[in-house]
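The values are calculated or read from the model by the stated rules, or taken from the named source; none is laboratory data. Quantities reported herein were computed from a predicted structural model and do not represent experimental measurements. With ideal geometry, Cβ positions are generated from the backbone for all residues, glycine too; neighbour counts draw on all protein chains shown. What goes into the accessible areas is simple: the full protein's heavy atoms, side chains included, and nothing from ligands, DNA or RNA. Shrake-Rupley method; radii C 1.70, N 1.55, O 1.52, S 1.80 Å.
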Amino acid sequence: MQVVFETERFKVRKLVLQDFNAFHEMHNNLQVMQYVRGKAMTYEENKKELPMLIEKYQDPNNDFWIYAIERKEDGNFVGTVALVKDEQEEDEIGYRLLEKYWKKGYGFEIAEGLVSYCREIGKTQLIANVVHKNEASTKIIRKLGFQFVQDFVSDDLKLPERKFSLLL
């Protein structure tokens with residue numbers, strides 16, 4: 001299992017098919033997905049999504065990296081982190097956690113680790129787009145030093161979002 005980066009409590013690694021049950025639990029939860037897709041994903045959708053994400057690791061031109069977050073203490077799948085190019089070719093970060101792992105400081109630790117990793121691989125600027133109602137993520141992004149850029153309405157969710165930027 002290839003570790004991409006580590007934090008005090010987590011290993012971030014490539015997704016594997018054995019992650020399916022927890023991956024599905026996370027994506028099938030409307031609370032988790034409300035600010036991502038606006039709806040939970042079905043079993044069938046997740047059965048297609050996970051292998052597609054894994055396959056992207058083999059593409060030398062891939063600009064859509066989604067990794068698993070694994071807790072060091074027990075090896076449990078906690079969620080995913082993302083480093084993707086958006087439509088403007090900017091490096092956007094993201095993360096999502098299984099609901100049972102919310103409010104434990106995991107989101108901040110993982111996002112902070114992702115920012116550090118991005119510095120190590122030579123990224124110079126990151127963006128984060130956060131739905132207005134997602135106060136927990138807004139708090140994390142601001143704590144990491146991201147600065148507000150603009151408000152917009154997303155094309156996919158049709159919800160008001162805020163774009164934040166961080167110079168590395």
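Under the condition of being loosely packed, with under 13 Cβ neighbours inside 10 Å and in contact with a strand residue (DSSP E or B) (Cβ under 8 Å, 6 or more places away or on another chain), which residue from segment 149-168 is nearest to ALA111 (Cα to Cα)?
Among those residues, the one meeting the criterion is LEU167.
Out of everything in segment 119-140 that is free of Cβ contacts under 8 Å to residues at least 60 places away in the same chain and under 15 Å from LYS103 (Cα atoms), what residue ends up being surrounded by the most Cβ atoms within 10 Å (Cβ to Cβ)?
Per the stated criteria, the residue is ILE140.
If I go through segment 138-168 residue by residue, how many of them are in a strand (DSSP E or B) and of a type in the set (Ser, Thr, Tyr)? Walk me through how you get there before you give the answer.
Just the residues of segment 138-168 that are in a strand (DSSP E or B), to begin with: 147-153, 160-167.
Then keep just the ones that are of a type in the set (Ser, Thr, Tyr); that gives 165.
The number of residues fulfilling the criteria is 1.
Of the residues that sit in segment 10-66 and are open to solvent by less than 90 Å² (accessible area, probe 1.4 Å) and basic (Lys, Arg), which one is farthest from TYR101 (Cα to Cα)?
By that ranking, first place goes to LYS56.
Check off (1) closer than 25 Å to PHE20 by Cα; (2) surrounded by 13 or more Cβ atoms within 10 Å (Cβ to Cβ) for LYS100 and give me the number that stays unchecked.
Here LYS100 meets the rest and fails (2).
Give me a count of the residues in segment 105-118 that are open to solvent by 30 Å² or more (accessible area, probe 1.4 Å), out of contact with any helix residue (DSSP H, G or I) (no Cβ under 8 Å at 6 or more places or on another chain) and assigned to a helix (DSSP H, G or I). Show your work before the answer.
First, the residues of segment 105-118 that are open to solvent by 30 Å² or more (accessible area, probe 1.4 Å): 105, 108, 112, 116-117.
Then drop every residue that is not out of contact with any helix residue (DSSP H, G or I) (no Cβ under 8 Å at 6 or more places or on another chain), which leaves 105, 112, 116-117.
Next, only the ones that are assigned to a helix (DSSP H, G or I) stay: 112, 116-117.
Of the residues in that region, 3 qualify.
Scanning for something within 22 Å of GLU8 (Cβ to Cβ) and among the basic types (Lys, Arg), does segment 71-91 turn up at least one residue? If you could, list the steps in order and put the result at the bottom.
Residues of segment 71-91 within 22 Å of GLU8 (Cβ to Cβ): 71-83.
Those left that are additionally among the basic types (Lys, Arg): 71-72.
The answer is yes, given that some residue of segment 71-91 is within 22 Å of GLU8 (Cβ to Cβ) and among the basic types (Lys, Arg).
Could we say that ILE54 is touching a residue at least 60 places away in the same chain (Cβ under 8 Å), over 23 Å from PRO160 (Cα atoms) and in a helix (DSSP H, G or I) here?
Working: touching a residue at least 60 places away in the same chain (Cβ under 8 Å): no; over 23 Å from PRO160 (Cα atoms): yes; in a helix (DSSP H, G or I): yes.
No: the conditions fail for ILE54.
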